[in-house]
Amino acid sequence: MDYIKGIFKKRPNRFIAEVEINGDLENAHVPNTGRCRELLIEGAIVYLKPSDNPKRKTKFSLHFVKNKGVLVSLYSQEANKIVYDAIITGKIKELEGYSVHQREKTIDDSRIDIYLANENEECYVEVKGVTLIIDDEARFPDAPTERGSKHLNELIKIKKDGKRAVVFFLIQHPAGNFFRPNWENDPVFSKTLNEAYENGVEILVYKCDNRLDGIDLIDKSLKFDLSNKNKI
């Protein structure tokens, strides 16, 4: 099914966007709970996927927004699939060598996005999609996330239990070339990310190339800096 082009008007709440399609105003589902304020600005070009479910309250889902001349993916759940598919096809060299690949794995009271295993080790991978770009720097999160900090603490526990633990930041905005935690918006998550790294949780940063006919992970890891550069 092809995408439909629209113009973003406003976001009454975090789940709904008001968009203009061929001169008519429509409500569209926003599959991203982040603020996305720097992306969803009035007049921005968006691309929507029509729904064939007659029971849905909205007829469209907002998948892409044009920003800085490029397409930005707003479908946050797509990040997990992109990373999982890239692991399966061997595009992520740091996560090669596993014979077991599983989407979602419940451990204690958390659900980790990807589970990998071979005869020697188990590996848990938590995926975070990143859309906030400041200059060419990707930042996460763009809004406080208690759930994100909870996942990091779970990864710390997994690592202490002798398993491999990875937090994977997928930059879904092609203008991002470097990663830093968003100390200003969520100091708790940023501090916890530092604690996780100090405890042996690995950090991987990749980005993707977005097109209307498909999204591909660029198989080159990017650099990151966990420090708070605004701290005096």
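The values are calculated or read from the model by the stated rules, or taken from the named source; none is laboratory data. Predicted model, so just to flag it, every value in this text is computed and none were measured. Positions of Cβ are generated from backbone atoms using ideal geometry, with glycine treated the same way; all protein chains shown enter the neighbour counts. The area values use the complete protein model at the heavy-atom level, side chains included, leaving out ligands, DNA and RNA. Shrake-Rupley method; radii C 1.70, N 1.55, O 1.52, S 1.80 Å.
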Can you pull out every residue in region 198-232 that is in a loop (DSSP other than H, G, I, E, B), open to solvent by 70 Å² or more (accessible area, probe 1.4 Å) and in contact with a strand residue (DSSP E or B) (Cβ under 9 Å, 6 or more places away or on another chain)?
Leu212, Asp219, Lys220, Lys223, Lys229
Sole exception among (1) under 15 Å from the mean Cα position of the chain (by Cα); (2) assigned by the TED database to the domain that holds Ala165; (3) not aliphatic (A, V, I, L, M) for Ser99, by number:
(1)
Within region 160-197, residues open to solvent by 40 Å² or more (accessible area, probe 1.4 Å) and within 30 Å of Asp216 (Cβ to Cβ) come out as Lys163, Asn177, Phe178, Asn185, Tyr197
Answer yes or no as to whether Gly176 is part of a loop (DSSP other than H, G, I, E, B), touching a strand residue (DSSP E or B) at 6+ places or on another chain (Cβ under 8 Å) and closer than 19 Å to Ile92 by Cβ.
yes
So which of Leu62, Leu25 ends up being surrounded by fewer than 16 Cβ atoms within 10 Å (Cβ to Cβ), in a strand (DSSP E or B) and of a type in the set (A, V, I, L, M)?
Leu25
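Any chance you could count how many residues in region 132-159 are closer than 19 Å to Asn67 by Cβ and either in a strand (DSSP E or B) or open to solvent by 10 Å² or more (accessible area, probe 1.4 Å) (or both)? Reasoning before the result, please.
Filtering region 132-159 for residues closer than 19 Å to Asn67 by Cβ gives 132-143.
Within this subset, residues satisfying the condition of being either in a strand (DSSP E or B) or open to solvent by 10 Å² or more (accessible area, probe 1.4 Å) (or both) are 132-140, 142-143.
Residues in region 132-159 being closer than 19 Å to Asn67 by Cβ and either in a strand (DSSP E or B) or open to solvent by 10 Å² or more (accessible area, probe 1.4 Å) (or both): 11 in total.
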